[in-house]
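Q: Here it is, the structure, as structure tokens.
The values are calculated or read from the model by the stated rules, or taken from the named source; none is laboratory data. Treat the numbers as computed from the prediction; the structure is a model and nothing was measured. Counting neighbours? That spans all protein chains shown, and the Cβs are built from the backbone with ideal geometry, glycine included.
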Amino acid sequence: MSEDFLTDVNTQSWANGRHEVQCVNVIYETMDVRTFCFKASSPVMHFFKPGQFVTFELEINGQQVFRSYTISSSPSVPYSFSVTIKRIPYGEVSNWMHDNLKLGDLLTIHGPVGQFNCFDIVSEKVLLLSGGVGITPLMSMSRWWYDTNANVDINFVHSARSPRDIIYHDELKLMDARIDNFNLNIVCQRYENGENWSGYTGFLDRAKLEIIAPDFMQRTVFCCGPAVYMSAIREMLEGLGFDMANYHEESFGSPPEESQVDAQQQADDNANLEVDTQDLFQVEFSNSGKAIKIQAEQTVHTAAALVGLHIPKGCGLGMCGTCIVKKTSGEVEMSHNGGITEEDVEDGYILSCCSIPKGDVSIEY
């Protein structure tokens with residue numbers, strides 16, 4: 001390894017933003033789950049908070065598509081990072097990734113971001129509850145604690161469809177065997193004739209939880225999985241009197257439905273409003289030389305659409321960070337969900353999808 005390479009590695013580190021990465025490995029986890037490993041085109045230390053996610057910027061069938069995936073690797077192995085993706089029936093992005101992504105391919109990502117992580121939420125006793133591919137952020141956390149010999153009491157409970165669908169099974173068993181502060185329990189919904197399974201079957205319910213984690217009331221819960229799984233877990237814990245302030249879950253959610261009204265018609269409606277123009281705020285896009293007055297409660301992203309500017313957007317919920325732009329003047333009210341760092345806010349950046357002007361503003365776009 002050359003000295004130049006080491007110098008590059010030591011002087012560059014990952015930060016929230018737009019990055020080009022290269023696929024360097026593909027690991028087959030189960031029949032319909034693969035782990036894709038990436039590294040930057042030039043040497044970079046990939047530091048992030050275990051549990052955070054990145055958003056992929058892809059072009060599929062001639063259309064720009066954004067999709068967020070949790071990082072499944074640990075920052076304790078910082079020279080690359082991985083995401084684990086399950087093939088979803090009719091899933092546009094998951095199927096494209098499984099069918100098309102190959103070694104050497106270059107992709108664009110945004111991130112890393114996310115408030116669901118074990119750096120910002122600290123506890124000495126945790127209960128990790130995952131369903132299906134929702135195991136990924138909890139695996140990132142577990143790998144970090146394992147690699148750093150952290151003094152964290154970990155009770156990991158994973159729910160899978162069947163024994164053949166258990167993601168990272170061998171690695172989880174290794175952690176369970178090698179350290180005393182890791183307790184693994186797996187619940188399989190069913191198993192087929194001929195499958196060797198002696199663990200829990202069915203669904204995680206109150207009876208199983210009280211056997212697996214009798215001290216769950218004293219633990220911090222991290223939960224991730226399909227919406228129906230997380231809803232059932234929340235309902236069960238609330239029914240047991242668990243302090244939900246100690247419950248944390250990851251959910252990208254769904255972007256709010258876009259208005260189907262033509263953008264030009266909206267602009268015309270704004271111009272014809274019978275209100276004092278002082279009730280409208282001007283949003284200027286300095287790089288494009290465009291500006292528009294918008295109604296109260298409309299976002300910067302809406303303003304851009306009204307003047308024909310396309311700011312890329314992934315989640316629409318202030319989580320993925322894709323729609324980040326720089327505000328050079330004025331004030332906005334930004335209701336984000338972890339998609340932007342405090343450092344970026346201090347430097348004047350905002351997420352356009354969830355930023356509502358409080359007066360005239362100027363955007364560098």
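Q: (1) assigned to a loop (DSSP other than H, G, I, E, B); (2) touching a Pro at 6+ places or on another chain (Cβ under 7 Å): which one isn't true of ILE167, the others all being true?
A: Looking at each condition in turn, ILE167 falls short on (2).
Q: Look through the range 46-73, keep the residues that are surrounded by fewer than 22 Cβ atoms within 10 Å (Cβ to Cβ) and among the hydrophobic types (A, V, I, L, M, F, W, C), and return whichever of them is nearest to the chain's Cα centre (by Cα).
A: So the residue we want is PHE66.
Q: In addition: When only residues in the range 229-252 that are acidic (Asp, Glu) and under 21 Å from the mean Cα position of the chain (by Cα) count, which is surrounded by the fewest Cβ atoms within 10 Å (Cβ to Cβ)?
A: Restricting attention to the range 229-252, the residues satisfying the condition of being acidic (Asp, Glu) are 235, 238, 243, 249-250.
Next, only the ones that are under 21 Å from the mean Cα position of the chain (by Cα) stay: 249-250.
Details: GLU249: 18, GLU250: 23.
Once the filter is applied, the top-ranked residue is GLU249.
Q: Given (1) touching an Asp or Glu at 6+ places or on another chain (Cβ under 8 Å); (2) closer than 12 Å to GLY131 by Cβ, where does PRO226 come up short, assuming only one miss?
A: Condition (1) is where PRO226 drops out.
Q: Go through ASP165, ASP153 for me and flag whichever is among the acidic types (Asp, Glu) and either farther than 12 Å from ILE179 by Cα or within 20 Å of the chain's Cα centre (by Cα) (or both). I'd like the intermediate steps shown before the answer.
A: Details: ASP153 fails: either farther than 12 Å from ILE179 by Cα or within 20 Å of the chain's Cα centre (by Cα) (or both).
Answer to the selection: ASP165.
Q: Only one of (1) among the hydrophobic types (A, V, I, L, M, F, W, C); (2) closer than 24 Å to HIS19 by Cα; (3) in contact with a His (Cβ under 6 Å, 6 or more places away or on another chain) is not met by MET45, so which one is it?
A: Against the list (1) among the hydrophobic types (A, V, I, L, M, F, W, C); (2) closer than 24 Å to HIS19 by Cα; (3) in contact with a His (Cβ under 6 Å, 6 or more places away or on another chain), MET45 comes up short only on (3).
Q: Show the residue pairs that are 6+ apart or on different chains and have beta-carbon atoms under 9 Å apart, the first residue being within the range 128-142 and under 18 Å from SER231 (Cβ atoms) and outside the structural domain of SER159 (by TED's automatic domain parsing), the second being assigned to a helix (DSSP H, G or I) and aromatic (Phe, Trp, Tyr).
A: Every condition considered, no pair remains.
Q: On to the next question. Yes or no: PRO43 over 18 Å from the mean Cα position of the chain (by Cα), modelled with pLDDT under 95 and within 17 Å of GLY132 (Cβ to Cβ)?
A: Values: over 18 Å from the mean Cα position of the chain (by Cα): yes; modelled with pLDDT under 95: yes; within 17 Å of GLY132 (Cβ to Cβ): no.
For PRO43, the condition - over 18 Å from the mean Cα position of the chain (by Cα), modelled with pLDDT under 95 and within 17 Å of GLY132 (Cβ to Cβ) - is not met.
Q: Among residues belonging to the range 164-194 that are more than 24 Å from SER73 (Cβ to Cβ) and either in contact with a strand residue (DSSP E or B) (Cβ under 9 Å, 6 or more places away or on another chain) or not charged (D, E, K, R) (or both), point out the one that is surrounded by the most Cβ atoms within 10 Å (Cβ to Cβ).
A: CYS188
Q: Please find, among GLY289, GLY321, GLY308, GLY330, the residue that is at positive phi and in contact with a Leu (Cβ under 8 Å, 6 or more places away or on another chain).
A: Numbers: GLY289 fails: in contact with a Leu (Cβ under 8 Å, 6 or more places away or on another chain); GLY308 fails: in contact with a Leu (Cβ under 8 Å, 6 or more places away or on another chain); GLY330 fails: in contact with a Leu (Cβ under 8 Å, 6 or more places away or on another chain).
Just a single option satisfies the conditions, and that option is GLY321.
Q: Inspect all residues belonging to the range 82-90 and state whether any of them is of a type in the set (Ser, Thr, Tyr) and at pLDDT below 95. Explain how you work it out, then say what you get.
A: To start, the set of residues in the range 82-90 that are of a type in the set (Ser, Thr, Tyr) comprises 82, 84, 90.
Filter once more, keeping what is at pLDDT below 95: 90.
Yes, the range 82-90 has at least one match.
Q: Something else about it: With the condition kept exactly as written, say whether any residue in the range 128-137 is within 16 Å of the chain's Cα centre (by Cα), closer than 16 Å to PHE47 by Cα and of a type outside the set (Lys, Arg).
A: The answer is yes; a qualifying residue exists.
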